[in-house]
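S.K.: Below: one structure in structure tokens.
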Amino acid sequence: MTSKLCVIIPAYNASKTVESVVKGALKYVSKVIVADDGSVDDTAISASRAGADVIKMDKNRGKGNALKVLFQKAIREGYSVVISMDADGQHDPDDIPLFIKGHSAYPSDIIVGSRMHEKEKIPRARYNSMHIARFYISLAANQFIEDTQCGFRLYPLSLVNKINLTTEKYVTETEILIKVGDMGSRVRFVHVRTIYGGIKSHFRPIMDVAEITAYVIFYLHIKWLIEGLTSNRPFTYAIGSAVDTISRFKPVAIICQTITAVTAVPASMVFFIEYIMLSPFINNFLSIRRLGSGFFKITLASHMLPVLLIVTILERLLNKSKLEVNLVDGFINRFYPNIWGKNL
């Protein structure tokens, strides 16, 4: 099975870490492909010296583009499965066997590494943002995904070929999970080692989170617009669907994402009214009805986002005044719960 599997690594200015990552991966697979995404250091040299097949890109275009290039390279070379890893050392190559074992049990599913079981090792603000992200991404993907932000993943390339990737940078990894889940496929997880501290990440906490958030809201609005007016349709994605058509034109996509982000709170109320008023006539919002929790909790969560911002600011002000309080964690646990239940 491992002869059909390779490791792919998007890399940008990672000359200090990529060599050890490649060498670690080669203990478990025979092929590692690195996309040097326009680095200005010796990333390509270090990766090649470690034994990787290196794609040298002329300029930095972001992780999403690098992943697309790597997917196509693996497909051309006859691989059917890839494991993606980051080049910065945040993913332990010794966890690769967990993915291989998971693939043996579920060969048609994406498998995502999860760090959520080691909360104490994750910076608090980062953990809280991951918690909220998984709430909304899981809604869009029709299933609970324990860690939606980890780039340590196994992808069956047959699934990748069934979706149209239209986003860039870090949004692409979210786009994959949402579209695969929303066409009826499964995303599973394995617990991986959590590595933080002293490792420089190219992830931009404000800009990248904003771009991911805008895309998720945009996708959910399109999904719920379809689900709200149709019966028995929990899965809304296929290549060429409305979300792909809009995303083909970048300026239009940016405008739509901006509008949906700004109107997220009132729109959630509109969807809630549709959920209630149209239910006697059509079995709409089936992906939500299957959860058994109703649309109210989702509507409430959306309305609590502005309140969460206020609570976060208040907590910081109180802590600066030497009043040590923790308001945010309890707020997030209450309003962004696991509505998918224990049977995952």
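S.K.: Only residues that are in contact with a Gly (Cβ under 9 Å, 6 or more places away or on another chain) and either of a type in the set (A, V, I, L, M, F, W, C) or part of a loop (DSSP other than H, G, I, E, B) (or both): list them for segment 15-24, please.
M.R.: Result: Lys16, Thr17, Val18, Val21, Val22.
S.K.: So, one more: From the list Leu308, Leu323, Leu317, pick out the single residue that is in a loop (DSSP other than H, G, I, E, B) and at negative phi.
M.R.: Numbers: Leu308 fails: in a loop (DSSP other than H, G, I, E, B); Leu317 fails: in a loop (DSSP other than H, G, I, E, B).
One residue alone meets the criteria, Leu323.
S.K.: Among the numbered criteria (1) within 22 Å of Asp182 (Cβ to Cβ); (2) modelled with pLDDT of 90 or more; (3) surrounded by 12 or more Cβ atoms within 10 Å (Cβ to Cβ), which one does Asn232 miss?
M.R.: Of everything listed in (1) within 22 Å of Asp182 (Cβ to Cβ); (2) modelled with pLDDT of 90 or more; (3) surrounded by 12 or more Cβ atoms within 10 Å (Cβ to Cβ), Asn232 misses just condition (3).
S.K.: Filter segment 148-162 for residues that are part of a helix (DSSP H, G or I) and either over 24 Å from Glu227 (Cβ atoms) or without any contact (Cβ under 8 Å) to a residue 40 or more places away in the chain (or both) and give the result.
M.R.: Just the residues of segment 148-162 that are part of a helix (DSSP H, G or I), to begin with: 157-160.
Of everything in segment 148-162, those that are part of a helix (DSSP H, G or I) and either over 24 Å from Glu227 (Cβ atoms) or without any contact (Cβ under 8 Å) to a residue 40 or more places away in the chain (or both) turn out to be Leu157, Ser158, Val160.
Conditions tested, residue by residue: (1) surrounded by fewer than 21 Cβ atoms within 10 Å (Cβ to Cβ); (2) of a type in the set (D, E, K, R); (3) part of a loop (DSSP other than H, G, I, E, B); (4) in the same structural domain as Lys169 (by TED's automatic domain parsing).
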| site | (1), (2), (3), (4) |
| --- | --- |
| Ile45 | yes, no, no, yes |
| Ser48 | yes, no, no, yes |
| Val54 | no, no, no, yes |
| Lys59 | yes, yes, yes, yes |
| Leu67 | no, no, no, yes |
| Leu70 | no, no, no, yes |
| Ala74 | no, no, no, yes |
| Tyr79 | yes, no, yes, yes |
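S.K.: Pick from segment 243-258 the residues that are β-branched (Val, Ile, Thr) and surrounded by 15 or more Cβ atoms within 10 Å (Cβ to Cβ): which of them is nearest to Leu165 (Cα to Cα)?
M.R.: To start, the set of residues in segment 243-258 that are β-branched (Val, Ile, Thr) comprises 243, 245-246, 252, 254-255, 258.
In the following step, the residues that additionally are surrounded by 15 or more Cβ atoms within 10 Å (Cβ to Cβ) were identified as 243, 246.
Numbers: Val243: 11, Ile246: 12 Å.
By that ranking, first place goes to Val243.
S.K.: For segment 249-283, which residues satisfy the criterion of being closer than 24 Å to Asn232 by Cβ and not in a helix (DSSP H, G or I)?
M.R.: Of everything in segment 249-283, those that are closer than 24 Å to Asn232 by Cβ and not in a helix (DSSP H, G or I) turn out to be Leu278, Ser279, Pro280, Phe281, Ile282, Asn283.
S.K.: State whether one or more residues within segment 121-128 are hydrophobic (A, V, I, L, M, F, W, C) and at pLDDT 90 or above. It would help to see each step written out before you state the result.
M.R.: Taking segment 121-128 first, the residues hydrophobic (A, V, I, L, M, F, W, C) are 122, 125.
With the extra rule that they be at pLDDT 90 or above, the set shrinks to none.
Within segment 121-128, none of the residues are hydrophobic (A, V, I, L, M, F, W, C) and at pLDDT 90 or above.
S.K.: Please name all residue pairs, on different chains or six or more residues apart, with Cβ atoms under 6 Å, provided the first residue is in segment 317-336 and is closer than 21 Å to Pro306 by Cβ and the second residue is not in a helix (DSSP H, G or I).
M.R.: Leu318/Val325
S.K.: How many residues are crowded, with 24+ Cβ neighbours inside 10 Å and assigned to a strand (DSSP E or B) when one looks only at segment 29-43?
M.R.: 5
S.K.: Kindly indicate whether Leu177 is surrounded by 17 or more Cβ atoms within 10 Å (Cβ to Cβ), modelled with pLDDT of 95 or more and not in a helix (DSSP H, G or I).
M.R.: On the way: surrounded by 17 or more Cβ atoms within 10 Å (Cβ to Cβ): yes; modelled with pLDDT of 95 or more: yes; not in a helix (DSSP H, G or I): no.
For Leu177, the condition - surrounded by 17 or more Cβ atoms within 10 Å (Cβ to Cβ), modelled with pLDDT of 95 or more and not in a helix (DSSP H, G or I) - is not met.
S.K.: Also: Among the residues of segment 102-125, which ones are in contact (Cβ under 8 Å) with a residue 12 or more places away in the chain and of a type in the set (D, E, K, R)?
M.R.: Within segment 102-125, Asp109, Arg115, Glu118, Lys121, Arg124 meet the criteria.
S.K.: Identify, by number, the condition in (1) surrounded by fewer than 18 Cβ atoms within 10 Å (Cβ to Cβ); (2) touching a helix residue (DSSP H, G or I) at 6+ places or on another chain (Cβ under 7 Å) that Tyr170 doesn't meet.
M.R.: (1)
S.K.: I'd like the full set of residues that are in contact with a Phe, Trp or Tyr (Cβ under 8 Å, 6 or more places away or on another chain) and within 12 Å of Leu139 (Cα to Cα), limited to segment 263-296.
M.R.: Correct list: Phe285, Ser287, Ile288, Leu291, Phe295.
S.K.: Restricting attention to segment 284-296, report how many residues are surrounded by fewer than 13 Cβ atoms within 10 Å (Cβ to Cβ), in contact with a helix residue (DSSP H, G or I) (Cβ under 9 Å, 6 or more places away or on another chain) and in a loop (DSSP other than H, G, I, E, B). Steps first, please.
M.R.: Initial filter on segment 284-296 (surrounded by fewer than 13 Cβ atoms within 10 Å (Cβ to Cβ)): 290, 292, 296.
Add one more test, that the residue is in contact with a helix residue (DSSP H, G or I) (Cβ under 9 Å, 6 or more places away or on another chain), and what stays is 296.
From the residues that got through so far, the ones that are in a loop (DSSP other than H, G, I, E, B) too are none.
Residues in segment 284-296 being surrounded by fewer than 13 Cβ atoms within 10 Å (Cβ to Cβ), in contact with a helix residue (DSSP H, G or I) (Cβ under 9 Å, 6 or more places away or on another chain) and in a loop (DSSP other than H, G, I, E, B): 0 in total.
S.K.: Would a scan of segment 98-110 turn up a residue that is touching a Phe, Trp or Tyr at 6+ places or on another chain (Cβ under 7 Å) and either among the basic types (Lys, Arg) or under 30 Å from Arg233 (Cα atoms) (or both)?
M.R.: Yes, the conditions are met somewhere in segment 98-110.
S.K.: Also, quick follow-up: Do any residues in segment 134-147 that are at positive phi have Cβ atoms under 6 Å from those of residues that are assigned to a helix (DSSP H, G or I) and surrounded by fewer than 23 Cβ atoms within 10 Å (Cβ to Cβ), where the two are at least six apart or on different chains, and which pairs are they?
M.R.: Within 6 Å, the pairs are Asn142/Ser287.
The values are calculated or read from the model by the stated rules, or taken from the named source; none is laboratory data. In this text, all values refer to a predicted model and were calculated from it rather than measured experimentally. Positions of Cβ are generated from backbone atoms using ideal geometry, with glycine treated the same way; all protein chains shown enter the neighbour counts.
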